[in-house]
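Here is the structure we will look at, set down as structure tokens.
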Amino acid sequence: MTFLLDGFDTDPGDAGLPGAASHTPAVDEALLAGLNPQQREAVLHRGPALLIVAGAGSGKTSVLTRRIASLIQTREAWPSQILAITFTNKAAAEMRERVQQLVGGAADGMWISTFHSACVRILRRQAEAMGLKTAFTIYDAADSRALLKRIIKELEVDTLGLTVPSVAGKISKLKNELGDVDSYARGVNADDPADVAFLEVFRRYTDGLRRANALDFDDLIAETVHLFRAFPEVAALYQRRFRHVLVDEYQDTNHAQYALIRELTRPILPQHVPADTRTRVDATGGIPGASLTVVGDSDQSIYAFRGADIRNIVEFERDFPETRVILLEQNYRSTQNILDAANAVIANNFDRQEKKLFTTVGAGEKITGFTGYTAYDEAQFVADEIQALHEAGAAYKDMAVFVRVNSQTRALEDILIRSAIPYRIAGGTKFYERAEIKDAMAYLIQVANPADDLALRRIMNTPKRGIGPATEAALQAHADRIGTPLRETLRDAGQLGLGPKVTKAILDLGVILDEVEAMVPTSPPAEVLTELLVRTGYVEALRATRDPQDEVRAENVEELLSFTKEFTKRNPDGRLIDFLTEVALVAAADDIDDASGTVTLMTLHTAKGLEYDTVFLTGIEEELLPHRISAGEVGGIAEERRLFYVGITRAKKRLYLSLAMTRSQFGDTAVALPSRFLQEVPPELIDWRQSPGALELRATNLSGRRRDASADGRPGRRDGARRPTFSYSTSLPPGPSAAREKREWTSAVTNTVRDNGDLTLASGDRIRHADFGEGRVVAVTGQAPKAVAEVQFDTAGRKRLLIKIAPIEKL
DNA sequence: TGATTTAATCGCACG
DNA sequence: GATTAAATCA
């Protein structure tokens, strides 16, 4: 290893060689306008390795884009020699756009993409070397789970504690560590039946992927690393091409990604340098490694659960000698109050590099705290505040509501709908995860990659053709016998002794797939999809059912069709496989559309990298943030704290911290405790509208049915002393007493929903609301069924209500 | 045999 | 609450 690192030694005579020189380039001052000294240096430093420790909101995107622009402007690098890696496609698109603004069309030849997209590009070009066809398909998490489910069922190993999620997680972890079946087999514990069984599942899963000509998400990275290691001359191709590698969000890289970066920036040995190279060689006849720039913040590392290794950034200096480290601590996003809260919270994580964010914009408003009785109560507070801010001139699009888990959005959605506040959910149930979209995609995948059995099984009986489980099993048995993909067996249906009706259905499907497959090479994706949908009668079948939801589903499929058309507009030469790749790689954070005039709901994870004027951080409760599952994992609490930190630092002007005293989960209602993290925020920074203590007191007086934490049999852990002293855990008793108690809280909001039909209200009407009591209608806007009434309640203040569904009656 | 209805189970974040 | 297995219907 050492001899390779020697290649990083710089030769002073090589000033013109990209990536090897250490000097200050002559960069246009305009490119540096508005940068502070540290940012400036981060743009201008030249050398083999640069680590930019960028605190939240410190302008790192600006630094990265200008650094890229400076390389191009000074002619130190061609655009094609630059590889910039971001965390999401959205971040990549944004970076490309900002670089474009700085250098114009020169940005076109650069690779600015996610790890996964970059690897797919490399793998498609070099797929033959890996024994794959270039049209390999990409299995998303759901596809992988479907395959695992079949295997686990087949082997009947679920009794050994091998569940689909546990096995999927373990395989993913192994692949992130660049492990494979063989390496696992060497270390397997032969005395442990569960371990042996896991190995068999892993082996069959790997075989299944290979036979289906498919790669899962983790393979995309790992296989690229394996490719580079197995074929140094292939690696040399990319090492020679990319002279500048830049990686954003480096704290969230896993081992495989780290290895990939290592391979890409490795010096090229003389024997792998082609004779006709135009890149300058060093004294030994080799080519020095590419210049590497990484940007990250270990305080924002929130993906350890999926294999991100914080050591990658902590030990960067050791891994890459001659690293220059630059700290960016000045924050250009938030007020000092928000930063003080963030600094105070993150200071509770020991073992971190000291870093304190500061700003020059002033203290700003205090943080607002609120404790609701229930999640609905909390949601009502959020909705009321959003409405008040909106009326004061704030745009909906500048506000965001963060949740720890997706299930929290339900109460928020209910209330936002009732309050007639426009909102959207980033991530959530993603478009491409809907059943009808997966169906349509499976058709496309089948004709692009006929080896993909998983896709074929999905569509074999969708729409209904009378091909049931028994028939499928017969086809599968035949496929196993003759050793071909399932698809091949469709043609042989006549030989299997099936009923005439079923046989015809199978043959017909086979003919459709074959004929559509033949048009793939010459037709754009939209035509292929249309042909499939029409000939299989998929949309028609949806429209024919009684289920009103199916109408929406049919529309979704048509939206997918328009996506394919859009795709072709963007990429006139785009093939079907390119479209499928793009879809496979879209992520939750990618579909956040800033332009729309709506409040955005999202998880804290999705929020990373974003910023909003106003941020509502909801559900700041024990068991939720920190999430209960994190308690059992090493460093789990610290990671949850970073998640809280990430949430706080998204806010530019206003931050709200809210929680509920009770939270309903899985049907029953449980008492929730204020999060320990709340106590880490300096009390003088929070202005409580309703503090946890105030409600706690009342709850005590009223219920008197508390049990101590020890009663539920969970021994106190190391961090037990830090838990709030009023620790208890019990279910709220249902029945009349609970209902009566609820009425004691004037702001208690229930989840009552009603269909008022075509009830019409006019200004001046008196109404009674199930939660807010009586009030007078002040104004009515909009058309039924979306008409909104503005009501001045006698005790609950002014609210906006969607008339059709509000629990109200006219008096 | 396949389609439809009913009961039972299980829940974290994501490219 | 959504998904999935068992039970019943055609």
*May I ask you to say which residue of A:S183, A:S144 is among the polar types (S, T, N, Q), touching a residue at least 24 places away in the same chain (Cβ under 8 Å) and not in a loop (DSSP other than H, G, I, E, B)?*
A:S144
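Quick grid of which residues meet (1) assigned to a helix (DSSP H, G or I); (2) under 24 Å from A:A77 (Cβ atoms); (3) within 16 Å of DNA strand C (Cβ to nearest atom):
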position	(1), (2), (3)
A:G208	yes, no, no
A:A222	yes, no, no
A:L246	no, yes, no
A:R262	yes, yes, no
_Looking only at residues that are assigned to a loop (DSSP other than H, G, I, E, B) and either of a type in the set (G, A, S) or in contact with a strand residue (DSSP E or B) (Cβ under 8 Å, 6 or more places away or on another chain) (or both) in the stretch A:662-702, which one is modelled with the lowest pLDDT?_
A:G667
*Scan the stretch A:766-811 residue by residue and report those that are at positive phi and not in a loop (DSSP other than H, G, I, E, B).*
A:G773, A:G797
*In this structure, is A:T224 more than 16 Å from DNA strand B (Cβ to nearest atom), among the hydroxyl-bearing types (S, T, Y) and under 16 Å from A:M130 (Cα atoms)?*
no
*For A:A526, indicate whether it is in contact (Cβ under 8 Å) with a residue 12 or more places away in the chain, over 22 Å from A:D452 (Cβ atoms) and of a type in the set (G, A, S).*
no
_Can you go through A:A518, A:A493, A:A448, A:A479 and tell me which one is in the same structural domain as A:R543 (by the TED database), within 14 Å of DNA strand B (Cβ to nearest atom) and not aromatic (F, W, Y)?_
A:A493
*Only one residue in A:E551, A:E555, A:E540, A:E515 is among the acidic types (D, E) and at pLDDT 90 or above. Which one?*
A:E515
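Per-residue answers, yes or no, for (1) out of contact with any strand residue (DSSP E or B) (no Cβ under 9 Å at 6 or more places or on another chain); (2) within 28 Å of A:I437 (Cα to Cα); (3) of a type in the set (A, V, I, L, M):
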position	(1), (2), (3)
A:Y139	no, yes, no
A:L147	no, yes, yes
A:R150	yes, yes, no
A:V157	yes, no, yes
A:V164	yes, yes, yes
A:I171	no, yes, yes
A:E177	no, no, no
*Filter result for the condition that a residue is over 18 Å from A:L560 (Cα atoms) and small (G, A, S), over A:A394, A:A435*: A:A394
*For residues that are within 38 Å of the chain's Cα centre (by Cα) and of a type in the set (D, E, K, R), scanning just the stretch A:475-511, find the one that is farthest from A:K464 (Cα to Cα).*
A:D480
*Mind telling me which of the residues A:E177, A:E154 ends up being loosely packed, with under 13 Cβ neighbours inside 10 Å and not assigned by the TED database to the domain that holds A:F228?*
A:E154
*Inspect all residues belonging to the stretch A:630-642 and state whether any of them is crowded, with 19+ Cβ neighbours inside 10 Å and in contact with a Gly (Cβ under 9 Å, 6 or more places away or on another chain).*
yes
*Which residues, taken from the stretch A:663-695, are touching a helix residue (DSSP H, G or I) at 6+ places or on another chain (Cβ under 9 Å), more than 16 Å from DNA strand B (Cβ to nearest atom) and within 20 Å of A:F381 (Cα to Cα)?*
A:V671, A:L673, A:P674, A:L678, A:L685, A:I686, A:W688, A:R689, A:Q690, A:P692
_Yes/no for A:A541 being under 23 Å from A:Q446 (Cβ atoms) and touching a Lys or Arg at 6+ places or on another chain (Cβ under 9 Å)_ = yes
_Just to be sure before I move on: is A:L162 surrounded by 18 or more Cβ atoms within 10 Å (Cβ to Cβ), part of a loop (DSSP other than H, G, I, E, B) and away from DNA strand C (no atom under 16 Å from the Cβ) in the structure I sent?_
no
*Which one is farthest from DNA strand C (Cβ to nearest atom), of the residues in the stretch A:452-488 that are more than 22 Å from A:Y205 (Cα to Cα) and assigned to a helix (DSSP H, G or I)?*
A:T471
*Which of the residues spanning the stretch A:152-210 are farther than 21 Å from A:Y303 by Cα and among the hydroxyl-bearing types (S, T, Y)?*
A:T159, A:T163, A:S183, A:Y184, A:Y205, A:T206
*Out of A:K366, A:K397, A:K430, report the one residue that is within 16 Å of DNA strand C (Cβ to nearest atom) and not hydrophobic (A, V, I, L, M, F, W, C).*
A:K430
*Filter the stretch A:384-406 down to the residues that are more than 16 Å from A:S658 (Cβ to Cβ) and of a type outside the set (A, V, I, L, M), then identify the one that is nearest to the chain's Cα centre (by Cα).*
A:N406
*Need at least 3 residues that are touching a residue at least 12 places away in the same chain (Cβ under 8 Å), buried (at least 17 other Cβ atoms within 10 Å of the Cβ) and among the charged types (D, E, K, R) per element, so show me which helices (runs of 4 or more DSSP H) inside the stretch A:314-410 make the cut, counting only ones lying wholly within it.*
A:375-391
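The values are calculated or read from the model by the stated rules, or taken from the named source; none is laboratory data. Everything quoted here is computed from the prediction, not taken from an experiment. Virtual Cβ from ideal backbone geometry, glycine too; neighbours counted across all protein chains shown.
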